[in-house]
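Here is the structure we will look at, set down as structure tokens.
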Amino acid sequence: MKRGKIEAATGRLVRRLNDLGRVTDQPGRLARTFHSAAMRRANTLVGQWMRDAGLKVKVDAVGNLIGRGEGSRPGAKTLLLGSHLDTVLDAGRFDGALGVLLPIVALGELRRRGVQLPFAVEVLGFAEEEGVRFASAYLGSKGYAGRLRAADLGQRDARGLSVGEVLRGASGRFQLPKAAHRGRDLLGYVEVHIEQGPVLESRKLSVGVVSGIAGQTRVRLTFRGRAGHAGTTPMSLRRDALAGAAEFVLAAEACARRDPTLVATVGTLLVSPGASNVIPAEAVLTLDVRHARDATRRKALQQLFSRARRIARERGLTLDWRQTQDDDAVACSRELTALLARSVRAQQHGRCLELTSGAGHDGVVMSAMAAIAMLFVRCRGGLSHHADEYVAPADLEVALRVIVDFLERLATVAVT
Ligand SMILES: [Zn+2]
């Protein structure tokens, strides 16, 4: 693509990322969660950009925003490109949004230049990926891929509303959706995402391809003991749920530290009744364990489960161990990734780095219906899930060039 054109397109992408970054449920910080008012506004805004790129827009039963463009060949297969439009709390403006907005700008550029792709494309803005509102991730892509289950609908948010109630909404009706496509009708799913880690930066590269996504398991643990007076209950007679939880937090940290490729995190802790002069009766915490090898992750979970049971036994507590998410590691498609890597080398002075992703992505769910490939884009300091998340325009330009190049390459090789 000519220099001036791609610079203008990059400028458009930067402006849109900024505009979408202001669509929030919480003044002063970015937060968009599943089916919130800001998510509806985001769908309207991004839907307009999709239309400007020549795509036909709809929102599916789960709330996913879908922009579709037909291929020049009738009955051609479909290439899916996308990411999520929800955010964490106090989020940056690139996580998720980049993977939705960049393909829209790329397709707009091809259209401007009169290029017609032989295959159909769908740009997907998933309604939920982060697991913020319901502590259960991928509700959007699960709905699209036909993998939403009745159990997912029972998850409740902080106000006690369930996923099912939210989806039934005003109409009172909701059916678990079937997959949006048959696998054989798809060319694949390509996701552009910020790296959310420091590797590309350390190698002085704008972009890289992903070989696979680490598996991850999330567990919600509840330790229950007995409340009591903080002044009159001797230490030997206490059943302090928070002290048990604290012991478990340190055990999880120690377990993961024994293996430099394993990570384990306790990210939330809720204590009740929560008064300075009352012994905690209940502590609810979440555990998140990830590894590129499924066997390693499972072994760590087994060890932590045994440890939690022992802590409960020794302290006279009860333990409730509830797995809320369990996703095995996912390998990216070799063919699609090789093609993407060729585009990367063409736009990055012959250099392409392959990375594994420690973060989960919609590609995990989408791999059940399509071959997947991912492009990672360098972010400053590897920082993500933070308001200071930043991608330099020069890196956005390289990523945009890569996706345009990839679409044109795919047009020449795709069996449609
Ligand atoms: Zn993300």
Residue list for the stretch 240-250, restricted to those being assigned to a helix (DSSP H, G or I) and open to solvent by 10 Å² or more (accessible area, probe 1.4 Å): L242, A243, A246, E247, V249, L250
Cβ pairs under 7 Å, 6+ apart, first in the stretch 43-55 and of a type in the set (G, A, S), second open to solvent by less than 20 Å² (accessible area, probe 1.4 Å): G47/L65; A53/I104; A53/L107; A53/G108; G54/G69
Number of the condition not met by A346 [criteria: (1) over 18 Å from L81 (Cβ atoms); (2) within 16 Å of the ligand (Cβ to nearest atom); (3) aliphatic (A, V, I, L, M); (4) assigned to a helix (DSSP H, G or I)]: (2)
All positions within the stretch 375-416 that are assigned to a loop (DSSP other than H, G, I, E, B) and surrounded by fewer than 16 Cβ atoms within 10 Å (Cβ to Cβ): H385, H386, A387, D388, A392, V415
Helices (runs of 4 or more DSSP H) fully within the stretch 150-235 counting 3 or more residues that are buried (at least 19 other Cβ atoms within 10 Å of the Cβ) and more than 16 Å from the ligand (Cβ to nearest atom): 163-168
Residues that are among the hydroxyl-bearing types (S, T, Y) and under 15 Å from V391 (Cα atoms), drawn from the stretch 1-36: T10
Members of the stretch 84-97 found to be in contact with a Leu (Cβ under 8 Å, 6 or more places away or on another chain), more than 9 Å from the ligand (Cβ to nearest atom) and more than 12 Å from D19 (Cα to Cα), listed by number: L85, D90, A91, G92
Yes/no for L319 being in a strand (DSSP E or B) and more than 16 Å from the ligand (Cβ to nearest atom): yes
Tally of residues being open to solvent by less than 10 Å² (accessible area, probe 1.4 Å) and of a type outside the set (S, T, Y) across the stretch 132-144: 5
Yes/no for R290 being within 16 Å of the ligand (Cβ to nearest atom), open to solvent by 40 Å² or more (accessible area, probe 1.4 Å) and either under 30 Å from R149 (Cα atoms) or part of a helix (DSSP H, G or I) (or both): yes
Residue match in the stretch 323-341 (condition: part of a helix (DSSP H, G or I), touching a residue at least 24 places away in the same chain (Cβ under 8 Å), within 16 Å of the ligand (Cβ to nearest atom) and within 22 Å of R378 (Cα to Cα)): no
Members of the stretch 263-289 found to be out of contact with any Pro (no Cβ under 9 Å at 6 or more places or on another chain) and farther than 17 Å from F248 by Cα, listed by number: A275, S276, N277, V278, I279
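The values are calculated or read from the model by the stated rules, or taken from the named source; none is laboratory data. Note that the structure is a prediction, hence the values are computed from the model and not measured. All Cβ positions, glycine included, derive from the backbone under ideal geometry; neighbour counts span all protein chains shown. Remember, those area values only see protein heavy atoms, side chains included, never the ligands or the DNA or RNA. Shrake-Rupley method; radii C 1.70, N 1.55, O 1.52, S 1.80 Å.
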